[in-house]
Amino acid sequence: MKYNLEEAIVILEKTPEILLLQLKDLPEHWLTSNEGHETWSPFDVVGHMLHGEKTDWIARLEIILSDSENKTFKPFDRFAQIEGSKGKTISQLLDEFLIVRRKNLDILRSKNIRESDLERTGIHPKFGTVTLRNLLATWVAHDLNHM
């Protein structure tokens, strides 16, 4: 399959709305129950996705597109949502996710990414050299996986 940025953006745009439809007004136990040790509830997943929107995808995109010699990504804390979501409701998380995702997609669009830009690289702390194409495809796959 040939990567298509516009198609990827369509998926990224839909994620907050899909999560809202799936999770809004569900009983609390459906939102906070998990499958056991080191598993996440829907509440945890939304918090995790929100944390990624705030700290990961666009930050890494900026590193890749920068002229800096240091292209190393900061490690992503996969469990930061545990603290970051404390005291919030699922509605608050979903609303914030929608706002931050829209902002991030506006930033992504503003970059006017060309095909050649998709081959620019950064250094992932675990996987090594990754392209912008890899990063953007992973953003979509991450959404689909968590939904």
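What to note about this one:
- Of all residues in segment 34-41, none satisfies being part of a helix (DSSP H, G or I) and either modelled with pLDDT of 95 or more or open to solvent by 60 Å² or more (accessible area, probe 1.4 Å) (or both).
- Residue count, segment 65-120 (criterion: assigned to a loop (DSSP other than H, G, I, E, B), farther than 30 Å from His29 by Cα and under 18 Å from the mean Cα position of the chain (by Cα)): 4
- Selection of segment 48-80 for residues being farther than 20 Å from Val140 by Cβ and either crowded, with 22+ Cβ neighbours inside 10 Å or of a type in the set (Gly, Ala, Ser) (or both) yields Ser66, Ser68, Ala80.
- Residue count, segment 25-64 (criterion: touching a residue at least 40 places away in the same chain (Cβ under 8 Å) and under 14 Å from the mean Cα position of the chain (by Cα)): 14
- Cβ pairs under 9 Å, 6+ apart, first in segment 104-126 and within 14 Å of Glu62 (Cα to Cα), second of a type in the set (A, V, I, L, M, F, W, C) and part of a loop (DSSP other than H, G, I, E, B): Gly122/Phe73; Ile123/Phe73; His124/Phe73
- Taking segment 18-32 as the range and being on the phi < 0 side of the Ramachandran plot and either among the small types (Gly, Ala, Ser) or part of a loop (DSSP other than H, G, I, E, B) (or both) as the test, the residues that pass are Lys24, Leu26, Pro27.
- A residue that is touching an Asp or Glu at 6+ places or on another chain (Cβ under 8 Å) and of a type in the set (Val, Ile, Thr) can be found somewhere in segment 123-136.
The values are calculated or read from the model by the stated rules, or taken from the named source; none is laboratory data. As the structure is a prediction and not an experimental result, all values here were calculated from the model. Note: ideal-geometry Cβ built from the backbone for every residue, glycine included; neighbour counts use all protein chains shown. Remember, those area values only see protein heavy atoms, side chains included, never the ligands or the DNA or RNA. Shrake-Rupley method; radii C 1.70, N 1.55, O 1.52, S 1.80 Å.
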